[in-house]
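A.B. asks: One structure is given below, represented as structure tokens, and several questions about it will come after.
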Amino acid sequence: MSEQKVIIIGAGLAGSLLAIYLAKRRIAVDVYEARGDMRRAVVSAGRSINLALSDRGIAALREVGMDGYMLAEAVPMYGRLIHPGSGETKLLPYSGRQGEYINSISRGGLNIALMNEAGRHPGVSFFFNERCVDLDVNTGEAIMASGKRVSGSTVIATDGAGSAVRNAMMHGGVERFNFSQTWLEHGYKELHIPSQDQLPEEVGYGDARFAIEPNALHIWPRHKFMMIALPNFDGSFTCTLFLGHKATVLSPDFGRPHVESRPAQADTQNSEAGTQNGFDKLTDEAAVREFFHREFPDAVPLMPTLVEDFFTHPTGNLGTVKCFPWNIGGKALLLGDAAHAVVPFYGQGMNCAFEDIRILDQLIDAHGTDWETVYEEYGRLRKVNTDAIADMAEENFYEMRDATADPVFQRKRALETKLEQTYPDYFSKYSMVTFREDLPYAVAKDKGNAQDQLLMTICREAVSVDDIELEQIIEQIRRISPETSAVPESVR
């Protein structure tokens, strides 16, 4: 082992993967976790929001030999399956290229696998029920609720959106520390669709395990709110209702990304009945049943524990955290959600944190354990990109909630799919974010927004994608979107 020891605060997904990366460099690691050992406890339901593992996250797992192991129990999702108020579903593929899809994976299963792998390496130690409450910014010691003070060569905080280390940096350690936290007006409630064998024979999809199409992310868009469902390997689905905390009528343009047009009339009418609904109005069984039967009638027969789940699972909040700088010299670094928490609507929170670790490892390879140099370069490379994915994740919430039910948007997705099938050099914004681990988020955002504006304009005027001349469109896209090769290697 080297003479270095890194203190990691938080044994979640990012902290556990980071421990593996550092251990492979023969750096000793002590990981401090506020909770008990999840490998020895039942994980409470209600706050998971299934993970969508995509290429950026897979690339990081591949470097430590964990990609194949985790993908063996993932469920591929090839697109969004839209459940409009009219009842007829429509699949919007994620990509027009073969082999490009995202993977629904268990948060708990992945976390446990990473902890187990980290624990196999000599020099890695986990300390549970040790909540970090502060950081001595002068000595670099992490201070636990127990009073214990721990130190090493450096501290890396992967303690999530409510990071105690970040709080210490903000309130006493770093001059001119910038911080912002913004909340969506929506909260979320986790619900459940069981596997097919837990339902009556006449209900469901007919698959041996799954009650509805397994290889898709299901969305019930209702303009002011939505529900989604992601498949689990055991045949069940984790559903999440996104709804305002309070009953309110929002301005039609509140939070709208610039690529949208007005939602389809049928769904506008359907959602208007629900604009007075918020979590604060769903206070008894009758109100919950009436709301779900009205808004999600095709899902209700598949959710036998709907009322129980609704009232026993907590209502979570959804917010974005941005801050900078992320380090105090070489003493401490913020990584993952501690530095840049994002809402889950691009499925990139975990993937982004895993990419953080992969980039940090590359910089350790370049600069060794000169932590101050590594951290400064890391912040310079990552800040612009994590800001970009934070912005895109918020925009994608409104896209999923509103635009997926819009015929113009659906034509745009069909056009993007056709372009990807025809031209290997074309990638939609979604594909650039999700399937191009070599492309920085900031570049994907800029290129993607320019393409979206062009394609939405075209699709508003076209009756059918078949009427659109692809060669003319791709030439326009090539003019407004520079080639990937033009991106400096230093920011990839």
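The values are calculated or read from the model by the stated rules, or taken from the named source; none is laboratory data. None of these values were measured; they are calculated from a predicted model. All Cβ positions, glycine included, derive from the backbone under ideal geometry; neighbour counts span all protein chains shown. Note: areas computed on protein heavy atoms with side chains; ligands, DNA, RNA excluded. Shrake-Rupley method; radii C 1.70, N 1.55, O 1.52, S 1.80 Å.
A.B. asks: Determine, yes or no, whether Val150 is surrounded by 14 or more Cβ atoms within 10 Å (Cβ to Cβ), β-branched (Val, Ile, Thr) and touching a helix residue (DSSP H, G or I) at 6+ places or on another chain (Cβ under 7 Å).
C.D. replies: no
A.B. asks: Would a scan of the stretch 38-55 turn up a residue that is of a type in the set (S, T, N, Q), assigned to a loop (DSSP other than H, G, I, E, B), in contact (Cβ under 8 Å) with a residue 24 or more places away in the chain and over 27 Å from Ala164 (Cα atoms)?
C.D. replies: yes
A.B. asks: Looking at the stretch 386-399, is at least one residue in contact with a Pro (Cβ under 6 Å, 6 or more places away or on another chain) and among the aromatic types (Phe, Trp, Tyr)?
C.D. replies: Yes, some residue in the stretch 386-399 is in contact with a Pro (Cβ under 6 Å, 6 or more places away or on another chain) and among the aromatic types (Phe, Trp, Tyr).
A.B. asks: Next up: Restricting the search to the stretch 277-291, which residues are in a loop (DSSP other than H, G, I, E, B) and of a type in the set (A, V, I, L, M, F, W, C)?
C.D. replies: Leu282
A.B. asks: Kindly list, by first and then second residue, each pair from a residue in the stretch 341-360 that is under 14 Å from Val64 (Cα atoms) and touching a residue at least 40 places away in the same chain (Cβ under 8 Å) to a residue that is among the charged types (D, E, K, R) and surrounded by 24 or more Cβ atoms within 10 Å (Cβ to Cβ), limited to pairs with Cβ atoms under 6 Å and residues at least 6 apart or on different chains.
C.D. replies: Hits for this filter: Glu355/Arg56.
Residue by residue, here is whether (1) part of a loop (DSSP other than H, G, I, E, B); (2) in contact with a helix residue (DSSP H, G or I) (Cβ under 9 Å, 6 or more places away or on another chain); (3) buried (at least 17 other Cβ atoms within 10 Å of the Cβ); (4) modelled with pLDDT of 90 or more holds:
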{"position": "Gly448", "(1), (2), (3), (4)": "no, yes, yes, yes"}
{"position": "Asp452", "(1), (2), (3), (4)": "no, yes, yes, yes"}
{"position": "Thr457", "(1), (2), (3), (4)": "no, no, no, yes"}
{"position": "Arg460", "(1), (2), (3), (4)": "no, yes, no, yes"}
{"position": "Ile474", "(1), (2), (3), (4)": "no, yes, no, yes"}
{"position": "Ile477", "(1), (2), (3), (4)": "no, yes, yes, yes"}
{"position": "Ser485", "(1), (2), (3), (4)": "no, no, no, no"}
{"position": "Ser490", "(1), (2), (3), (4)": "no, yes, no, no"}
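A.B. asks: Would you mind finding the one in Tyr426, Tyr430, Tyr398, Tyr441 that is in contact with a Leu (Cβ under 6 Å, 6 or more places away or on another chain) and in contact (Cβ under 8 Å) with a residue 40 or more places away in the chain?
C.D. replies: When all the criteria are applied, what remains is Tyr426.
A.B. asks: Within the stretch 378-389, can one find any residue that is open to solvent by 10 Å² or more (accessible area, probe 1.4 Å) and modelled with pLDDT under 95?
C.D. replies: The answer is no; no qualifying residue exists.
A.B. asks: Before we move on, is Thr154 within 22 Å of Leu335 (Cβ to Cβ), at pLDDT below 95 and among the hydroxyl-bearing types (Ser, Thr, Tyr)?
C.D. replies: no
A.B. asks: Same structure, new question: For residues that are of a type in the set (Phe, Trp, Tyr) and over 27 Å from Asp387 (Cα atoms), scanning just the stretch 176-219, find the one that is surrounded by the fewest Cβ atoms within 10 Å (Cβ to Cβ).
C.D. replies: Looking at the filtered set, the residue picked out is Tyr205.
A.B. asks: Sticking with this one: Looking at the stretch 113-130, can you tell me whether even one residue there is open to solvent by 50 Å² or more (accessible area, probe 1.4 Å), without any contact (Cβ under 8 Å) to a residue 12 or more places away in the chain and closer than 22 Å to Phe242 by Cα?
C.D. replies: no
A.B. asks: Given the criterion closer than 28 Å to Ser428 by Cβ, out of contact with any strand residue (DSSP E or B) (no Cβ under 8 Å at 6 or more places or on another chain) and crowded, with 20+ Cβ neighbours inside 10 Å, identify the matching residue among Gly68, Gly85, Gly99.
C.D. replies: Of the residues listed, the single one that is closer than 28 Å to Ser428 by Cβ, out of contact with any strand residue (DSSP E or B) (no Cβ under 8 Å at 6 or more places or on another chain) and crowded, with 20+ Cβ neighbours inside 10 Å is Gly85.
A.B. asks: Something else about it: Show the residue pairs meeting these rules: Cβ distance below 9 Å; 6+ apart or different chains; first residue within the stretch 305-334 and within 26 Å of Thr158 (Cβ to Cβ) and without any contact (Cβ under 8 Å) to a residue 60 or more places away in the chain; second residue among the aromatic types (Phe, Trp, Tyr) and surrounded by 18 or more Cβ atoms within 10 Å (Cβ to Cβ).
C.D. replies: Trp326/Tyr375; Trp326/Tyr378; Asn327/Trp371; Asn327/Tyr375; Asn327/Tyr378; Gly329/Trp371; Gly329/Tyr375
A.B. asks: Name the one entry in Asp134, Asp159 that is modelled with pLDDT of 95 or more, among the acidic types (Asp, Glu) and in a loop (DSSP other than H, G, I, E, B).
C.D. replies: Just a single option satisfies the conditions, and that option is Asp159.
A.B. asks: Please verify whether Glu73 is without any contact (Cβ under 8 Å) to a residue 24 or more places away in the chain, surrounded by fewer than 17 Cβ atoms within 10 Å (Cβ to Cβ) and among the acidic types (Asp, Glu), treating the condition exactly as stated.
C.D. replies: no
A.B. asks: With respect to the numbered conditions (1) within 20 Å of Asn116 (Cβ to Cβ); (2) within 17 Å of the chain's Cα centre (by Cα); (3) modelled with pLDDT of 90 or more, which one is the sole condition not fulfilled by Ser54?
C.D. replies: (1)
A.B. asks: Considering every residue within the stretch 96-115, establish whether at least one is closer than 28 Å to Met170 by Cβ and in a helix (DSSP H, G or I).
C.D. replies: Yes, the stretch 96-115 contains at least one residue that is closer than 28 Å to Met170 by Cβ and in a helix (DSSP H, G or I).
A.B. asks: In the stretch 292-332, how many are buried (at least 20 other Cβ atoms within 10 Å of the Cβ), hydrophobic (A, V, I, L, M, F, W, C) and not in a loop (DSSP other than H, G, I, E, B)?
C.D. replies: 9
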